[in-house]
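Enquirer: Attaching a single structure in structure tokens format; questions to follow.
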Amino acid sequence: ETPVCQVDPGGMWAVSRHDDVLRVLKDPQRFSSQGFRNVTNPPWLGGNPFADSMLVMDPPHHGRLRVLVQKAFGAAAMARLEPRVRELCREAVADLPRGRPVDMMQPFALRIPAAVISELLGLDPQHSPRLKHWADLLTGGVSTVRPEEEERKQRARDAVAEVRAWFGDVLDARAREPAGTDLLGELRQARVEGEALTKDELIAFMVLLLVGGIETVVHLLGSSLVVLREHPEVWAQLRADRSRIPAFLEEVLRYEPPLQAAPRLTTEDVEVGGVKLPKGASVLVLLGSATRDEAHFPDGDRFNLSRPGPQNLPFGHGIHFCLGAQLARMEGRLALEALLDAFSHLESGPEPMTWHRTLLVRGPATLPLV
Ligand code: HEM
């Protein structure tokens, strides 16, 4: 009824319909991605490498950086990576405890993307649990801190310092070796208008891939399990026919998009969905609403394995379209294959599940299954 509305007087504008969301994402000139900076880099933080990343940049600078990493996430690179990701998925499933309730978030939904991103960035997998902690703090954690919460502010500042120090050490160690052909090696050799990337730019890339690669896939896997737990018939259908796994994942992405919203900032007075927004307005495009818009998705609140797909909107649209979409789909497919091979059924554990509560991402926080 009010598809473009201001949440509080003087506050953010929410854009909720599918076509209006697309219109905003297609127009980086008028809707700048600097909006991300406002959400993830409040003045009290004193700098957040995530807020200096490509995701927060506009043309033309964004395009110059994007070409550097595009190849590392293309089809050929994914085909090379697939056997290793399959192995990581099988190891995670083999280590799951049997015969007693287990919270699937840590040992399955988080372990897999953390291991994959560690592999891609050449990080020591021992540190995987810290990766999620940092990724949480530098995005959703920061965006939900209230002015009086000094302790949470300090935790976020500590996380920034730790990330800078640790990623800085990784880069220093790599600088002593010849640059290889892996992602970091290619980034170190890359030149933008003749100049190598600075250490801060490399760290911003690493943090973006860390956050992008973990915060979202963890919820794709978690929400997949929630759906499968609630729909045993879908679990049976997938067990009978593995070729339906990609369609299943597309419908999970539509039904529970891991990234629920993307911030933007207007660069001039502009109209969306018949509503005038002033220059400098903070805008949140609600992907989680757009993918249930009845005008595009009849009966959108119902999970429907046979719904025609794929739905690309959960991965954004336009110049910032998710760099890791193919990787995320591959991780989802291989993780589910490993799970379907190992278990005949999934059931809820004795404890209720809980949801992760932040502004931008959605998925389970705990998910006990038997
Ligand atoms: C951008 C969603 C997985 C890396 C985006 C955007 C969305 C998104 C919606 C665009 C944001 C905007 O327009 O402001 C998702 C979802 C994922 C996922 C739903 C999993 C289910 C990944 C993975 C990686 C990744 C696995 C890498 C390891 C990135 C990067 C960008 C991005 C680098 C910025 C691209 C740019 O600015 O040009 N993602 N993502 N994402 N994503 Fe993902």
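The values are calculated or read from the model by the stated rules, or taken from the named source; none is laboratory data. Just so it is clear, the structure is predicted and the values come from calculations on it, not from any experiment. Note that we place each Cβ from the backbone using ideal geometry, even for glycine, and neighbour counts take in every protein chain shown. With ligands, DNA and RNA removed, areas are computed over all heavy atoms of the protein, side chains included. Shrake-Rupley method; radii C 1.70, N 1.55, O 1.52, S 1.80 Å.
Enquirer: Tell me whether the range 197-216 contains one or more residues that are more than 29 Å from R357 (Cβ to Cβ), exposed (fewer than 15 other Cβ atoms within 10 Å of the Cβ) and of a type in the set (A, V, I, L, M). If you could, list the steps in order and put the result at the bottom.
Expert: Of the residues in the range 197-216, the ones more than 29 Å from R357 (Cβ to Cβ) are 197-202.
Next cut, exposed (fewer than 15 other Cβ atoms within 10 Å of the Cβ) only: 198-200.
Then drop every residue that is not of a type in the set (A, V, I, L, M), which leaves none.
The answer is no; no qualifying residue exists.
Enquirer: Right, here's the next one. Might you check whether a residue that is out of contact with any Leu (no Cβ under 7 Å at 6 or more places or on another chain), open to solvent by 40 Å² or more (accessible area, probe 1.4 Å), within 15 Å of the ligand (Cβ to nearest atom) and at pLDDT below 90 occurs anywhere in the range 71-94?
Expert: Scanning the range 71-94 turns up at least one residue that is out of contact with any Leu (no Cβ under 7 Å at 6 or more places or on another chain), open to solvent by 40 Å² or more (accessible area, probe 1.4 Å), within 15 Å of the ligand (Cβ to nearest atom) and at pLDDT below 90.
Enquirer: Additional query: For the range 185-196, state whether one or more residues are hydrophobic (A, V, I, L, M, F, W, C), buried (at least 16 other Cβ atoms within 10 Å of the Cβ) and modelled with pLDDT of 95 or more. Full working, then the answer.
Expert: Taking the range 185-196 and keeping what is hydrophobic (A, V, I, L, M, F, W, C), we get 187, 190, 192, 196.
Next cut, buried (at least 16 other Cβ atoms within 10 Å of the Cβ) only: 187, 190.
If we keep only those that are modelled with pLDDT of 95 or more too, we end up with none.
Scanning the range 185-196, I find no residue that is hydrophobic (A, V, I, L, M, F, W, C), buried (at least 16 other Cβ atoms within 10 Å of the Cβ) and modelled with pLDDT of 95 or more, so the answer is no.
Enquirer: Does the range 208-239 hold any residues that are more than 18 Å from L367 (Cα to Cα) and not polar (S, T, N, Q), and which are they? Don't jump to the end; show me each part of the working.
Expert: Our first condition is that a residue be more than 18 Å from L367 (Cα to Cα); within the range 208-239, this holds for 208-213, 233-234, 236-239.
Scanning the range 208-239 gives L208, L209, L210, V211, G212, G213, E233, V234, A236, L238, R239.
Enquirer: Same structure, new question: Taking V361 and the conditions (1) buried (at least 16 other Cβ atoms within 10 Å of the Cβ); (2) within 14 Å of the ligand (Cβ to nearest atom); (3) modelled with pLDDT of 95 or more, which numbered condition does it fall short on, given that it satisfies the others?
Expert: Going through the list (1) buried (at least 16 other Cβ atoms within 10 Å of the Cβ); (2) within 14 Å of the ligand (Cβ to nearest atom); (3) modelled with pLDDT of 95 or more, V361 breaks only (3).
Enquirer: For the range 244-340, give me every one of the strands (runs of 3 or more DSSP E) that falls completely inside it and has 2 or more residues that are near the ligand (Cβ under 8 Å from one of its atoms). It would help to see each step written out before you state the result.
Expert: On the way: elements: 261-266, 270-272, 275-277, 282-286.
Once the strands (runs of 3 or more DSSP E) in the range 244-340 are filtered for at least 2 residues that are near the ligand (Cβ under 8 Å from one of its atoms), what remains is 261-266.
Enquirer: State which residue pairs qualify: first residue over 17 Å from N38 (Cβ atoms) and inside the range 274-290, second residue of a type in the set (V, I, T) and at pLDDT below 95 in any location, beta carbons under 9 Å apart, and separation of 6 or more residues or different chains.
Expert: V275/T2
Enquirer: Then there is this: From the list R362, R333, exactly one residue is in contact with an Asp or Glu (Cβ under 7 Å, 6 or more places away or on another chain) and among the basic types (K, R). Which is it?
Expert: Values: R333 fails: in contact with an Asp or Glu (Cβ under 7 Å, 6 or more places away or on another chain).
So the residue among R362, R333 that is in contact with an Asp or Glu (Cβ under 7 Å, 6 or more places away or on another chain) and among the basic types (K, R) is R362.
Enquirer: Look through the range 281-319, keep the residues that are within 15 Å of V24 (Cβ to Cβ) and open to solvent by 30 Å² or more (accessible area, probe 1.4 Å), and return whichever of them is modelled with the lowest pLDDT.
Expert: S282
Enquirer: Hey, another quick one. Could you run through the range 60-94 and say how many residues are within 27 Å of P368 (Cβ to Cβ) and within 21 Å of the chain's Cα centre (by Cα)?
Expert: 5
Enquirer: If T40 passes every condition in (1) of a type in the set (S, T, Y); (2) farther than 27 Å from G300 by Cβ; (3) open to solvent by 20 Å² or more (accessible area, probe 1.4 Å) but one, which one does it miss?
Expert: (3)
Enquirer: Kindly indicate whether any position in the range 199-206 is more than 11 Å from the ligand (Cβ to nearest atom), free of Cβ contacts under 8 Å to residues at least 24 places away in the same chain and either touching a helix residue (DSSP H, G or I) at 6+ places or on another chain (Cβ under 7 Å) or of a type outside the set (S, T, N, Q) (or both). Outline the logic, then answer.
Expert: In the first step, residues of the range 199-206 are kept if they are more than 11 Å from the ligand (Cβ to nearest atom); the result is 199-203.
Filter once more, keeping what is free of Cβ contacts under 8 Å to residues at least 24 places away in the same chain: none.
No.
Enquirer: Separate question: Out of all the residues in the range 51-70, which are over 18 Å from L184 (Cβ atoms) and within 12 Å of the ligand (Cβ to nearest atom)?
Expert: Filtering the range 51-70 for residues over 18 Å from L184 (Cβ atoms) gives 51, 55-64.
L55, V56, M57, D58, P59, H61, H62, G63, R64, listed by residue number.
Enquirer: Just to be sure before I move on: is E150 surrounded by fewer than 20 Cβ atoms within 10 Å (Cβ to Cβ), farther than 30 Å from E91 by Cα and at pLDDT 85 or above in the structure I sent? Working first, answer last.
Expert: Numbers: surrounded by fewer than 20 Cβ atoms within 10 Å (Cβ to Cβ): yes; farther than 30 Å from E91 by Cα: yes; at pLDDT 85 or above: yes.
The answer is yes for E150.
Enquirer: Is one or more of the residues making up the range 341-350 open to solvent by 60 Å² or more (accessible area, probe 1.4 Å) and farther than 25 Å from S243 by Cα? Can you show your working first?
Expert: As a first pass, look at the range 341-350 and keep what is open to solvent by 60 Å² or more (accessible area, probe 1.4 Å): 341, 344-345, 347-348, 350.
So of that shortlist, the ones also farther than 25 Å from S243 by Cα come out as 348, 350.
Yes - at least one qualifying residue is present in the range 341-350.
Enquirer: With the requirement that a residue be part of a helix (DSSP H, G or I) and open to solvent by 40 Å² or more (accessible area, probe 1.4 Å), what does the range 120-133 give you?
Expert: Pass one, the range 120-133, residues part of a helix (DSSP H, G or I): 120-121, 125-133.
P125, Q126, H127, P129, R130, H133, listed by residue number.
Enquirer: Just to be sure I understand the filter: pairs with C-beta atoms under 6 Å, separated by 6 or more residues or on different chains, first member in the range 322-346 and more than 23 Å from P310 (Cα to Cα), second member aromatic (F, W, Y). Which pairs pass?
Expert: none
Enquirer: Any chance you could count how many residues in the range 95-108 are farther than 11 Å from V370 by Cα and surrounded by fewer than 17 Cβ atoms within 10 Å (Cβ to Cβ)? Can you show your working first?
Expert: At the first step, the residues of the range 95-108 found to be farther than 11 Å from V370 by Cα are 95, 105-108.
Among the residues that remain, those that are also surrounded by fewer than 17 Cβ atoms within 10 Å (Cβ to Cβ) are: 95, 106-107.
Residues flagged as farther than 11 Å from V370 by Cα and surrounded by fewer than 17 Cβ atoms within 10 Å (Cβ to Cβ) within the range 95-108 amount to 3.
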